[in-house]
Amino acid sequence: MNIPPFKLEEFWKKYEFATPYLLCCSEAEVWSLQELVSMADPDSKNLWNSLSLGYTEPPGHPILRKEIAALYSTLNADDIFTFAGAEEGIYCAMQVLIKPGDHVIVIDPCYQSLATLPETFGAEITAIKLKFENQWQLDLKEVEQAFKPNTKLVVLNFPHNPTGTILTREVQDKLIELARRNGAYIFCDEVYRFLEVDEALSLPSIVDEYERGISLNVMTKSFGLAGLRIGWIATKDMRFLKEVGSYKLYTSICNSAPSEILAIMALRAKEQILKRNRDIMLSNLQILDECMLRNEKSLSWVRPQGGTMAVLKLLLPMSVETFAENLLRAQGILIMPGSVFDLPGNYFRIGFGKKNMPDILKRFESYLQHQG
């Protein structure tokens, strides 16, 4: 088995801790340990103070799984299996689901492992490309035509990384209908759930809508708690969940005990945590709106509908790779060229979930205006 380099994570490994101004972060504003513990209810504080630093249960602490299940409308704790971050969940799920000769439909662009792992494990991949000229919206006709007799899995990622688009209820229902008709699973990366710009457009999780739905989430993105390394898979397919759990025994085996209790604290304070993160995101999006209007000759975009990221199109007469390199050298500002996630054209990703985004954006805009 030869797994290709993980371009996005290699990009972060190179730049994340060596660059002063990160304008392409993918997660919401982080919380400090002190802030999180201060929000804990008495029961969670007791769990924290009496914590023993031994092994934990491979599926995750029973209370943690109960709190995660409460994020869905039809699940209980037994429908949840936790992992050391979302990537471990993706890896274990694809190992269990994919057999050589399977066919997998993937939305492109996407978080790289959602596509490369099924292919590495022997599947034939059909990529359904989201297009700027189509407002990054999914073409259902293309999806329908992509199904084959051996289609095992449809891989979704909404709110979408990196474009920020979301599905309509009509499109979600049609995707479920297509998958059900073909006996396929739907694996949906939902790590930006709860950060929809218009909450009226929020969709039910795929696991609540489809008997073969598998939902992935994590404490990293919407909750702003990447350091906990707590992710999970939610599904009603008990055979699949049992096999995924067995595969985890070959990876992390179990989670960090402190992280599990801190995640319980966070989930019990989810309204407060998500409100703050949404407020920062929405305020920054308004600032970004104004910046895009001022620089419409240099930049174009499709305004994101959810999550903490946007894809911008560079209209200047230079490649986005050259622009990004010059920007980094001159201002210490990091943006992410579209080539990092295999998006052709002069596109780049920025993030707007952090408190310091407005200050970095000012520096970025000043530099941009001197290039036009």
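The values are calculated or read from the model by the stated rules, or taken from the named source; none is laboratory data. In this text, all values refer to a predicted model and were calculated from it rather than measured experimentally. When we count neighbours, we look across all protein chains shown, and the Cβ atoms used for this are built from the backbone with ideal geometry, even at glycine. These area figures cover heavy atoms from the full protein model, side chains too; ligands, DNA and RNA do not enter into them. Shrake-Rupley method; radii C 1.70, N 1.55, O 1.52, S 1.80 Å.
Looking only at the stretch 247-271, count every residue that is within 18 Å of Glu67 (Cβ to Cβ) and either among the hydrophobic types (A, V, I, L, M, F, W, C) or under 21 Å from the mean Cα position of the chain (by Cα) (or both) and tell me the total.
Step one: list which residues in the stretch 247-271 are within 18 Å of Glu67 (Cβ to Cβ), which gives 254-271.
Pick out the ones that are also either among the hydrophobic types (A, V, I, L, M, F, W, C) or under 21 Å from the mean Cα position of the chain (by Cα) (or both) and you get 254-255, 257, 259-267, 269-271.
Selection size over the stretch 247-271: 15.
Go through (1) more than 27 Å from Thr116 (Cβ to Cβ); (2) touching a residue at least 60 places away in the same chain (Cβ under 8 Å) for Gly307 and report which single condition fails.
Status for Gly307: all satisfied but (1).
Identify the single condition in (1) among the basic types (Lys, Arg); (2) in a helix (DSSP H, G or I); (3) open to solvent by less than 60 Å² (accessible area, probe 1.4 Å) that Lys152 does not satisfy, given that it satisfies every other one.
Result: Lys152 passes all but (2).
For residues that are touching a residue at least 40 places away in the same chain (Cβ under 8 Å), out of contact with any helix residue (DSSP H, G or I) (no Cβ under 6 Å at 6 or more places or on another chain) and part of a helix (DSSP H, G or I), tally how many sit in the stretch 329-338.
Adding up the residues that qualify gives 1.
Can you tell me which condition Leu316 does not meet? The list is (1) touching a strand residue (DSSP E or B) at 6+ places or on another chain (Cβ under 8 Å); (2) open to solvent by less than 20 Å² (accessible area, probe 1.4 Å); (3) of a type outside the set (Lys, Arg); (4) not in a helix (DSSP H, G or I), and all the others hold.
Looking at each condition in turn, Leu316 falls short on (1).
Restricting attention to the stretch 346-372, which residues are in a loop (DSSP other than H, G, I, E, B), open to solvent by less than 50 Å² (accessible area, probe 1.4 Å) and either more than 17 Å from Pro304 (Cα to Cα) or of a type in the set (A, V, I, L, M) (or both)?
We begin by selecting, within the stretch 346-372, every residue in a loop (DSSP other than H, G, I, E, B); these are 346, 352-356, 370-372.
Checking which are open to solvent by less than 50 Å² (accessible area, probe 1.4 Å) leaves us with 346, 352-354.
Once the filter is applied, which keeps residues that are in a loop (DSSP other than H, G, I, E, B), open to solvent by less than 50 Å² (accessible area, probe 1.4 Å) and either more than 17 Å from Pro304 (Cα to Cα) or of a type in the set (A, V, I, L, M) (or both), the stretch 346-372 yields only Asn346.
Look at Ser222 and say whether it is in contact (Cβ under 8 Å) with a residue 40 or more places away in the chain, closer than 29 Å to Met357 by Cβ, touching a Leu at 6+ places or on another chain (Cβ under 6 Å) and of a type outside the set (Asp, Glu).
On the way: in contact (Cβ under 8 Å) with a residue 40 or more places away in the chain: yes; closer than 29 Å to Met357 by Cβ: yes; touching a Leu at 6+ places or on another chain (Cβ under 6 Å): yes; of a type outside the set (Asp, Glu): yes.
Spelling it out, Ser222 is indeed in contact (Cβ under 8 Å) with a residue 40 or more places away in the chain, closer than 29 Å to Met357 by Cβ, touching a Leu at 6+ places or on another chain (Cβ under 6 Å) and of a type outside the set (Asp, Glu).
What residue, among those in the stretch 289-306 that are of a type in the set (A, V, I, L, M, F, W, C) and over 21 Å from the mean Cα position of the chain (by Cα), is most open to solvent (accessible area, probe 1.4 Å)? It would help to see each step written out before you state the result.
First pass over the stretch 289-306, keeping only residues of a type in the set (A, V, I, L, M, F, W, C): 291-293, 299, 301-302.
Those left that are additionally over 21 Å from the mean Cα position of the chain (by Cα): 291-293, 299.
Numbers: Cys291: 1, Met292: 13, Leu293: 125, Leu299: 6 Å².
Out of the qualifying residues, it is Leu293.
Only one of Asn284, Asn326 is surrounded by 13 or more Cβ atoms within 10 Å (Cβ to Cβ) and without any contact (Cβ under 8 Å) to a residue 60 or more places away in the chain; which? Show your work before the answer.
Values: Asn284 fails: without any contact (Cβ under 8 Å) to a residue 60 or more places away in the chain.
Asn326 is the lone residue from the list that is surrounded by 13 or more Cβ atoms within 10 Å (Cβ to Cβ) and without any contact (Cβ under 8 Å) to a residue 60 or more places away in the chain.
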